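*Asks:* To start, I am sharing the structure in question, which I have written as structure tokens.
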Amino acid sequence: MKTVSMLELRSKGRDIVKRLDRGERLELTYRGRKVAIMEPAVPKNSTPIPADDPIRTFHKLAEPLGPMSNEDIDQLLYGQGSRFS
């Protein structure tokens, strides 16, 4: 299984979502430690994720905000009360 860091998730979110959509499973790391396994929400041979699904555009949330700390990124992705905040 290939590894994706939080930094990669933020900067290459669209590409990562495409990889997941193609059926790839990915290990997410945060500050060098494994925190999650990302896998397709639907089986590989089933209906693809719709183009208007919000997960396909989450990377756009960060763009207008400019440079962000890791904590800011976590807050944006996970919200208040996450184990990362």
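*Asks:* Report, by residue number, each residue of the stretch 1-46 that is touching a residue at least 60 places away in the same chain (Cβ under 8 Å) and among the basic types (Lys, Arg).
*Replies:* Residue satisfying the conditions is Arg10 alone.
*Asks:* Another one. Would you be able to say whether some residue in the stretch 19-42 is out of contact with any Pro (no Cβ under 9 Å at 6 or more places or on another chain) and modelled with pLDDT under 90?
*Replies:* Of the stretch 19-42, the ones out of contact with any Pro (no Cβ under 9 Å at 6 or more places or on another chain) are 19, 26-41.
So of that shortlist, the ones also modelled with pLDDT under 90 come out as 40-41.
Yes, the stretch 19-42 has at least one match.
*Asks:* Read through the list (1) at pLDDT below 75; (2) more than 22 Å from Leu20 (Cβ to Cβ); (3) exposed (fewer than 13 other Cβ atoms within 10 Å of the Cβ); (4) not acidic (Asp, Glu), then give the number of the only condition that Ser69 fails.
*Replies:* For Ser69, the exception is condition (1).
*Asks:* Can Thr3 be described as within 24 Å of Gln75 (Cβ to Cβ), surrounded by 16 or more Cβ atoms within 10 Å (Cβ to Cβ) and modelled with pLDDT of 95 or more?
*Replies:* On the way: within 24 Å of Gln75 (Cβ to Cβ): yes; surrounded by 16 or more Cβ atoms within 10 Å (Cβ to Cβ): no; modelled with pLDDT of 95 or more: yes.
Spelling it out, it is not the case that Thr3 is within 24 Å of Gln75 (Cβ to Cβ), surrounded by 16 or more Cβ atoms within 10 Å (Cβ to Cβ) and modelled with pLDDT of 95 or more.
The values are calculated or read from the model by the stated rules, or taken from the named source; none is laboratory data. Only a predicted model underlies this, so the values are computations on that prediction, with no experimental measurement involved. Heads up, the Cβs are rebuilt from the backbone with ideal geometry, glycines too, and the neighbour counts pull from every protein chain shown.
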